[in-house]
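What follows is one structure encoded as structure tokens, with my remarks underneath.
FYI, it's all coordinate maths here, none of it is from the lab. What you see is a predicted model, and the numbers here were worked out from it, not measured in a lab. Cβ placement follows ideal geometry from the backbone for every residue including glycine, while neighbour counts extend to all protein chains displayed.
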Amino acid sequence: DTGVSQDPRHKITKRGQNVTFRCDPISEHNRLYWYRQTLGQGPEFLTYFQNEAQLEKSRLLSDRFSAERPKGSFSTLEIQRTEQGDSAMYLCASSLQGTGIETQYFGPGTRLLVL
Amino acid sequence: AQKVTQAQTEISVVEKEDVTLDCVYETRDTTYYLFWYKQPPSGELVFLIRRNSFDEQNEISGRYSWNFQKSTSSFNFTITASQVVDSAVYFCALSADYGGSQGNLIFGKGTKLSVKP
């Protein structure tokens, strides 16, 4: 029984560099979410996919951020031209969406530090 | 607007004490779901419970119990006979099926629980 996995677990980069994170959801989960969590705060919603379609983006997701979920399986989150304010934990979650609101199961997160 | 407030930033107890974590929510939707997650130092959010707005029955699972009261918009979490392994940050979250936003969670700021031996 595999849960949500994320790679890498930690990333240190210099300001201005691009970074990409990967999330593998629980098998057969059709919804995939990205959240960002800064120190001392709760996670904040960034975007979500239903299968391969990106259905909603938060205003937190500036044009430097892009997310994909090709073929409705794994997802990638890319941050271009990183800034120090991007330092945070990036969490991925998945759920099996039916007609209501289902439980989201989270991965271990990718901790990003921008120097 | 949707909002979750966890007024207790940090709580410290001694092992075997009971502790209650408070959660107050705001929403205009009549259909919504409430969740509690645990975040140990490793960072992974662990799902604990999910309740929908039409089910106000309290729930008990081992040492954990939840009290959902729509009249006060609260969904409080009690740990009975706390243990050191309960030390973590606990998040309350709200999800409502409104407009095009289906299912994204709105989290409180969390309550850090420290259980000392």
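Quick look at the numbers
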| quantity | calculated |
| --- | --- |
| For A:E56, residues with placed amide H under 5 Å, excluding near neighbours | A:Y48 |
| Cα centroid separation - region A:34-76 against region B:1-41, whole Å | 24 |
| Extension gain from A:H10 to A:Q50, taking 0.36 nm per residue of separation minus the Cα-Cα distance | 11.7 nm |
| Calculated on alpha-carbon atoms, Rg and Dmax of chain A in Å | 13.5, 44 |
| Amide proton proximity set for A:S5, modelled H, under 5 Å, gap of 5+ | A:D24 |
| Inter-label distance for B:D18 and A:S87, nm, one decimal - labels placed 7 Å from Cα along Cα-to-Cβ | 4.3 |
| Region A:89-115 and region B:46-96: distance between their alpha carbon centers, rounded to Å | 20 |
| Most fluctuating residue given options B:N67, B:N58, B:N76, as computed from a GNM of chain B linking Cα atoms under 10 Å | B:N58 |
| Spread of Cα-to-Cα distances over 5 Å intervals beginning at zero, given as percent, for chain B | 2, 12, 23, 24, 19, 11, 6, 2, 1, 0 |
| Straight-distance crosslink candidates among lysines, where the alpha carbon sits under 23 Å from B:K3 and sequence neighbours closer than 8 are dropped | A:K57, B:K38, B:K70, B:K109, B:K112 |
| Where GluC sites (Glu not before Pro) in DSSP loops with at most 15 other Cβ within 10 Å are excluded, longest remaining stretch of chain B | B:57-117 |
| Modelled FRET efficiency - R0 41 Å, B:R28 with A:R22, Cβ distances, 0.05 increments | 0.65 |
| Within straight-line cross-link reach of B:K16, aspartates and glutamates at Cα separation under 13 Å, skipping those fewer than 8 residues along the same chain | B:D86 |
| Cleavage-rule hits (chymotrypsin sites (Phe, Trp or Tyr not before Pro)) in region B:14-77: DSSP loop, at most 13 neighbouring Cβ within 10 angstrom | B:F54 |
| Estimated FRET transfer efficiency (A:N30, A:L60; beta-carbon r; R0 25 Å; 0.05) | 0.60 |
| Mean separation of Cα contacts under 8 Å (6+ apart) over length of chain A, as relative contact order % | 36 |
| Amide H within-cut-off set for B:L21, under 5 Å, with H built and near neighbours excluded | B:F77, B:T78, B:I79 |
| Phi-based couplings in Hz for region B:106-112 (Karplus 6.51, -1.76, 1.60; Gly and Pro marked x) | 10, 9, x, 7, x, 10, 8 |
| Excluding exposed DSSP-loop trypsin sites (Lys or Arg not before Pro) (at most 15 other C-beta within 10 Å), longest clean stretch of chain A | A:16-58 |
